[in-house]
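The values are calculated or read from the model by the stated rules, or taken from the named source; none is laboratory data. On a predicted model such as this, the values are computed, not experimentally measured, just so you know. No Cβ is skipped: glycine too gets one built from the backbone with ideal geometry, and neighbour counts run over all protein chains shown.
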Amino acid sequence: MSFDLHEIQLAMIHYFKEDVRRINHALKVHSFAKLIADLETLSVEERLIIEISALLHDIGIKQAELKYHSTSGKYQELEGPPVAQELLHPFSLTEKSLSRILYLIGHHHSYSKIDGLDFQILVESDFIVNIFEDGMSKNNLLTIKEKYFKTETGTHLLTTMFL
């Protein structure tokens with residue numbers, strides 16, 4: 001692949017423009033996803049898929065707000081893949097990688113559909129950031145930990161940061 005991941009970061013920032021809260025959210029989720037992926041020792045291709053998916057996981061939120069006047073996860077999942085595909089068009093991703101990235105973006109709130117370590121890491125990273133940003137209660141946090149955290153690294157981060 002002949003591009004630098006920073007180009008995708010900049011494309012995401014350009015897309016969200018002045019929406020600094022969403023830019024910061026994406027960058028934080030990306031940072032945790034990269035950390036977990038690196039420590040869980042995935043392949044280079046798997047790490048790239050996770051990093052791009054984390055940067056763009058909420059990319060559909062602007063269209064969801066415009067079309068449905070909602071930031072609901074189901075609308076983000078519906079609107080995210082077409083926006084991501086357009087944004088990623090200039091980059092030389094393999095069809096397999098692009099397909100997986102779009103799948104993850106299109107299902108990142110559908111926890112029953114977690115079908116791989118890349119998906120698991122994306123979900124855990126998003127939860128770690130959302131727990132802080134949303135000020136979740138300890139009871140909710142414990143439920144999330146029990147139901148959704150599977151990786152050793154993600155569980156360790158969650159426990160270290162919040163429990």
> Could you give every pair whose Cβ atoms fall below 6 Å, whose first residue belongs to region 90-101 and is basic (Lys, Arg), and whose second residue is surrounded by 12 or more Cβ atoms within 10 Å (Cβ to Cβ), counting only separations of at least 6 or pairs across chains?
Replying inline: Arg100/Ile49
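Any residue in region 51-59 that is in a helix (DSSP H, G or I), touching a Leu at 6+ places or on another chain (Cβ under 9 Å) and charged (D, E, K, R)?
Of region 51-59, the ones in a helix (DSSP H, G or I) are 51-56.
With touching a Leu at 6+ places or on another chain (Cβ under 9 Å) added as a condition, the list becomes 51-56.
Applying the additional criterion that residues be charged (D, E, K, R) yields 51.
Taking every residue of region 51-59 in turn, at least one turns out to be in a helix (DSSP H, G or I), touching a Leu at 6+ places or on another chain (Cβ under 9 Å) and charged (D, E, K, R).
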>> Quick check on region 67-113: of everything there that is under 13 Å from the mean Cα position of the chain (by Cα) and part of a loop (DSSP other than H, G, I, E, B), which residue is surrounded by the fewest Cβ atoms within 10 Å (Cβ to Cβ)?
In response: Ser110
> For Glu146, are the conditions met, namely being under 20 Å from Ser43 (Cβ atoms), modelled with pLDDT of 95 or more, in a helix (DSSP H, G or I) and not small (Gly, Ala, Ser)?
Replying inline: no
> Quick one: how many residues across region 127-149 are over 23 Å from Val20 (Cα atoms) and either crowded, with 18+ Cβ neighbours inside 10 Å or not hydrophobic (A, V, I, L, M, F, W, C) (or both)?
Replying inline: 11
> Among the residues of region 71-89, is any touching a residue at least 12 places away in the same chain (Cβ under 8 Å), closer than 25 Å to Phe149 by Cα and either of a type in the set (A, V, I, L, M, F, W, C) or in contact with a strand residue (DSSP E or B) (Cβ under 6 Å, 6 or more places away or on another chain) (or both)?
Replying inline: yes
>> Glu124 - would you say it is under 25 Å from Ile23 (Cβ atoms), assigned to a helix (DSSP H, G or I) and among the acidic types (Asp, Glu)?
In response: yes
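Farther than 23 Å from Leu98 by Cβ, touching a residue at least 24 places away in the same chain (Cβ under 8 Å) and in a helix (DSSP H, G or I), is that true of Lys28? Spell out how you get there, then give the answer.
Details: farther than 23 Å from Leu98 by Cβ: yes; touching a residue at least 24 places away in the same chain (Cβ under 8 Å): yes; in a helix (DSSP H, G or I): yes.
Considered against the rule, which asks whether it is farther than 23 Å from Leu98 by Cβ, touching a residue at least 24 places away in the same chain (Cβ under 8 Å) and in a helix (DSSP H, G or I), Lys28 comes out as yes.
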>> Between a residue in region 142-160 that is closer than 17 Å to Ile50 by Cβ and any residue that is hydroxyl-bearing (Ser, Thr, Tyr), which pairs come within a Cβ distance under 8 Å, given they are 6 or more apart or on different chains?
In response: Tyr148/Tyr111; Phe149/Thr155; Gly154/Ser125
